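Okay, so here's the structure we're looking at.
No lab work stands behind these numbers, since they all come straight from the coordinates. All of these numbers come straight from a predicted model, not from anything done at the bench. Every residue, glycine as well, gets a Cβ built from its backbone with ideal geometry; the counts of neighbours run over all protein chains shown.
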Amino acid sequence: MSRKDNKKDIADEELMEDKAGETPEADETTGDEASEAAEQTEEPIDELALLSEKNAELEDQIRRIIAESQNSRKRLVKQQQDVHKYRHQDILTDLAEVIDNFERAIESSADSRDFNTFHEGIIMIEKQFSGMLTERYGLERIGVEGEAYDPFLHEAMMSEESSEVEEETVKQVYQAGYRLHDRVLRPAKVVVIKPAANESEEKEETVDAVDGDK
């Protein structure tokens, strides 16, 4: 072999060695780039999973709030229904006691056939009933003979004149009225006595009437 051929072989070998030395570096660079790309790909996936988890938590909280709101509304409606349904419970309980007293009075009169005893029992029941309505519920009876006439408390069914009174006065009570605290439930129906007009006043009214006709 000639010297020229030897030199060529040596040059080819050196070139191949250089290329062989460069290959690991290239592979290493390619591996780093792939790792970085993988990391960049994983980051968006992790954020999406986190957002999905938070969204699920929020949806669960919203469902719980809606359920609690509906339950509260149902409880409120039930309470309102109970208040309306049992609004007369107290007074009906008291009325039941009055009925018991009436039944005892009837049984007692049936055995004794004593009208006076029965009458006294009825009077006692009426007093007990009226007292209970006044003390426990503020119901006040309106209409007493001899008291001053008040158009807000009395309804005049008839009126009379009398020289014995100086102001309009209740002469007779046809039907008692009732007032609940400050509110009149119904006025008392009464007969009213008015002061009699003086003769001088009657003459003056007559003169005024004649002058008016002129």
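A few remarks follow.
- FRET efficiency, 1/(1 + (r/R0)^6) with R0 35 Å, evaluated for Leu185 and Ser159 via beta carbons: 0.90
- Between the stretch 154-175 and the stretch 72-146, the C-alpha centres lie 32 angstrom from each other.
- Alpha-carbon spread of the stretch 47-145, three principal axes, descending order, Å: 97, 37, 13
- A Förster radius of 22 Å combined with the Cβ-Cβ distance from Asp82 to Arg136 puts the calculated FRET efficiency at roughly 0.55.
- Label positions at Gln172 and Glu120, each projected 7 Å from the Cα along the C-beta direction, are separated by 3.1 nm.
- Of the chymotrypsin sites (Phe, Trp or Tyr not before Pro) found in the stretch 150-191, the ones in coil according to DSSP and having at most 10 other Cβ atoms within 10 Å of their Cβ are Phe152.
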